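The block underneath contains the structure these notes are about, expressed in structure tokens.
The values are calculated or read from the model by the stated rules, or taken from the named source; none is laboratory data. Note that this is a predicted model, so its numbers are computed, not measured. So basically every Cβ, Gly included, is an ideal-geometry build from the backbone, and we count neighbours across all protein chains shown.
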Amino acid sequence: MSELIRLENICMNFTKSGSIFQNEKSVKVLKNINLNISESDITVFVGESGCGKTTLGKIVVGLLRPTSGKVYFQNADINKITVSKKEYKNNVQFVQQDSYAALNPIRTIYQSLFAPIKNKYKTIKKSEIDNKIIELMDLVGLNPAEQFTDKFPHQLSGGQRQRICLARAVSLDPKLIVADEPVSMIDVSLRLSILDIMKELNERFNISFIYITHDLATANYFANGGKMCVMYLGEIVEQGSVKDILSAPFHPYTRALIAAVPTIDFDKDQINNEIPLKTMELADLTNRTEGCSFFSRCLYSKKKCTFPIDYVQIGKTKVLCCNLEEVPHEET
């Protein structure tokens, strides 16, 4: 498949204000992110809160501009792109975690769906938009459409609102949807239905997805045949297929993430199953070194880990670690 998005050496710094007696500090929340996303790809970003997943997603959709590095869309730098920014934003849509905040509370569902379609297709007739809205509502499983289109966001459930957000994103015929924790605020019993809709959009319309989550179970369900990027403190520490990483993780942080997932296998004793970390405390971004960002929490860290490190290629998996010979490795 042809390349859709390419990230080259993306870095993002934010300024952190201290007390009146301190100088402002520059905090590097993303460091040297490189990634290719092809048409129809599903790519998952996983990691703890604060690891930079959402920031990276906002850079991809153009809501944030990186401090350094470049984002390419179909081989064109999006900051020097020959097409309009509006066209890029139509092609790359964002579905955020809080569906209520994503929808205008004083607009009906019909108005929220009508406006973006009319804005993109200037000459389209109202009857054509109405038909398209009915098709979209059917696509996301809200039938009959008339039962929902006249309602306001507060009159719908969280799952219904998230379906509307997906319908609105698809209405612009995008090539990529960045979905940031789209099911984390939805009842557990309804999460699979939302993920199934996203699967259908990927398979039926060849829409690529970036799926941002901290939930490895939903990542495995939605993107079992896709790619996974494990992030820690703004770096991709392990990158490969979802199947390979979840079945045979290499990086100590990935192993810790998987070990932290509860199981319903009652034959497996998890009471004394300790997570392989020195500490549960996330390292401080303001004290980032040039070496391994996971150094302070890693059970296998050594002095050499404090120096700059490069990725190691193991099969089809890339791992940002210089001490893999010390890390026990067996399939989970």
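Looking across segment 32-53, the residues that are more than 17 Å from residue 76 (Cα to Cα), of a type outside the set (Asp, Glu) and surrounded by fewer than 19 Cβ atoms within 10 Å (Cβ to Cβ) come down to 32, 40, 49, 50. Across segment 119-137, the qualifying residues are those that are at pLDDT below 95 and surrounded by 11 or more Cβ atoms within 10 Å (Cβ to Cβ), and the one among them that is farthest from residue 170 (Cα to Cα) is 124.
Would you say residue 129 is assigned to a helix (DSSP H, G or I) and farther than 17 Å from residue 205 by Cα? The answer is yes for residue 129. Of the strands (runs of 3 or more DSSP E) lying entirely inside segment 171-260, those carrying at least 3 residues that are among the aliphatic types (A, V, I, L, M) are 176-180, 227-232. Checking each residue in segment 306-326 for being modelled with pLDDT under 90 and either in a helix (DSSP H, G or I) or touching a His at 6+ places or on another chain (Cβ under 8 Å) (or both) picks out 306, 324, 325, 326. Consider segment 191-212 and keep the residues that are touching a Ser or Thr at 6+ places or on another chain (Cβ under 8 Å) and of a type in the set (A, V, I, L, M). The one that is surrounded by the fewest Cβ atoms within 10 Å (Cβ to Cβ) is 195. Once segment 73-89 is narrowed to residues that are within 18 Å of residue 9 (Cβ to Cβ) and surrounded by fewer than 17 Cβ atoms within 10 Å (Cβ to Cβ), the residue that is modelled with the lowest pLDDT is 80. Scanning segment 226-263 for residues that are of a type outside the set (Lys, Arg) and more than 16 Å from the chain's Cα centre (by Cα) yields a total of 19.
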